[in-house]
Amino acid sequence: MNSGKTAILAAIALFLFYALLILSLLTFLEGPRFLEVLFAPDTLFAVHLSVIAATLAMLLAVAIGLPSAYALSRFQFPGKKIVDTLLELPLIMSPVALGAALLVFFNTPFGKAIQERGILFVFEFPGIVLAQFATIAGLATRLIKTALDEISPRYEAVARSLGSNGWEAFRKITLPLSFRGILSAMILCWAKAVGEFGATVMLAGTMPFKTETMPIAIFMSLASADIPKTIILILILAGIGLTALFAVRLVEKRPQVL
C-alpha cells in the first residue's frame, strides 16, 4: 500500500470516528421533542447568551491579537521568545485550570479592587466574556500571526520607500493581503468561544437565565439525567460550530483581491 492510500484511509478512519459519534446521538434523539427544546425559553436564552458573549470575546481577542501578532511577525524585541511562548499557555492549559486561575485572581486584593471599582466579573456576564477571551486570545494571536507570516515584509518596505509610513503600509498592503486569514481566524475563534465550557463555569457559574451558555446548558441537562434534551442541545451546538467551519471553507475558497 502506497503512502497516498494510507493517508486517505487514515482520513476516512478519522471521519468515521466523528461520524459515529454524531450517529450515536441520533439513536437517542426524540424527534417530536426537538422543536420543543429548540424553542424553549432557556435554550433560546443560552444560544443568545453564547452568541453575544462569544462575539464580544472574539472582537476583543482580535483587537489585541492583531497588533500582538504583527509585533511577533515583523519585529525583534527583548523577551520575544518568552512572550511568544506564554501566549500559547491557553492552548496547553486546561480551560478549567485557566478559569480557576481567573477566579483566584479576583480573590486577590488587586482583583477585588477591580471589581469594587469597576465591572463585576465573578458570576456575571462580563465573566463569561473574560473567560472566553482568556481561552481564545492566544489562539487568535497565533492564527493571525500565521496569516501575517505569509505576507513578505518586502511589500511594506517598498510602500515605505514610496512615501508611506508604517501604519499606511500595514493598512494598504499587509491587511488586505492577509484579510482572508484574519477573517478565518475570527470565525474559528468565535466558534471556539461559543463552545467554551471549563473556564466559563469556573468564573461565571451555572445560573439559569443569567450565566447559562450552551455548553453549560448541556452540562446541566446531563446532570439532571435529561438525556434527550442533552442530545438536542449537543446537536444545536454542533450545528453552530459546523456552520462556522463551513464559513471558513467558503472564505478560504474566495479569490484573493488586493
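The values are calculated or read from the model by the stated rules, or taken from the named source; none is laboratory data. The structure presented is a predicted model; accordingly, all values stated were derived computationally and were not measured. Neighbour counts are summed over all protein chains in view; Cβ atoms, including those assigned to glycine, are modelled from backbone coordinates with ideal geometry. For the accessible areas, the whole protein counts, side chains as well, though only heavy atoms, and no ligand, DNA or RNA atoms are used. Shrake-Rupley method; radii C 1.70, N 1.55, O 1.52, S 1.80 Å.
Some observations on this one:
- Test: residue in the range 92-115 that is polar (S, T, N, Q), modelled with pLDDT under 90 and more than 30 Å from Glu212 (Cα to Cα): no
- Within the range 37-54, residues that are under 21 Å from Gly127 (Cβ atoms) have Cβ atoms under 7 Å from residues that are buried (at least 16 other Cβ atoms within 10 Å of the Cβ) and hydroxyl-bearing (Ser, Thr, Tyr) in these pairs: Ala46/Thr213; Leu49/Thr213; Ser50/Thr213; Ala53/Thr213, counting only partners at least 6 apart in sequence or on another chain.
- Tally of residues being of a type in the set (Ser, Thr, Tyr) and crowded, with 18+ Cβ neighbours inside 10 Å across the range 159-195: 3
- Odd one out for Val251 among (1) surrounded by fewer than 18 Cβ atoms within 10 Å (Cβ to Cβ); (2) among the hydrophobic types (A, V, I, L, M, F, W, C); (3) assigned to a loop (DSSP other than H, G, I, E, B); (4) touching a residue at least 24 places away in the same chain (Cβ under 8 Å): (3)
- Candidate set: the range 114-129, residues that are open to solvent by less than 40 Å² (accessible area, probe 1.4 Å) and part of a helix (DSSP H, G or I); chosen: the one farthest from Val194 (Cα to Cα): Gln115
- Qualifying helices (runs of 4 or more DSSP H) (wholly inside the range 1-85; at least 3 residues being at pLDDT below 90 and either surrounded by 14 or more Cβ atoms within 10 Å (Cβ to Cβ) or out of contact with any strand residue (DSSP E or B) (no Cβ under 6 Å at 6 or more places or on another chain) (or both)): 3-26, 31-38
- Qualifying residue in the range 95-109 (condition: within 18 Å of the chain's Cα centre (by Cα), surrounded by fewer than 17 Cβ atoms within 10 Å (Cβ to Cβ) and under 17 Å from Ala193 (Cα atoms)): yes
- Selection over the range 135-147 of residues that are open to solvent by 20 Å² or more (accessible area, probe 1.4 Å) and touching a residue at least 40 places away in the same chain (Cβ under 8 Å) gives a count of 5.
- Filter pass, Lys145 being charged (D, E, K, R) and either in contact with a Ser or Thr (Cβ under 6 Å, 6 or more places away or on another chain) or outside any helix (DSSP H, G or I) (or both): yes
- Hey, Gly198 open to solvent by 50 Å² or more (accessible area, probe 1.4 Å) and out of contact with any Phe, Trp or Tyr (no Cβ under 7 Å at 6 or more places or on another chain) or not: no
- Lone qualifier among Glu156, Glu150 - being over 18 Å from the mean Cα position of the chain (by Cα), closer than 29 Å to Leu86 by Cα and open to solvent by 60 Å² or more (accessible area, probe 1.4 Å): Glu150
- Flag for Ile136 being modelled with pLDDT under 90, of a type in the set (A, V, I, L, M, F, W, C) and under 24 Å from the mean Cα position of the chain (by Cα): no
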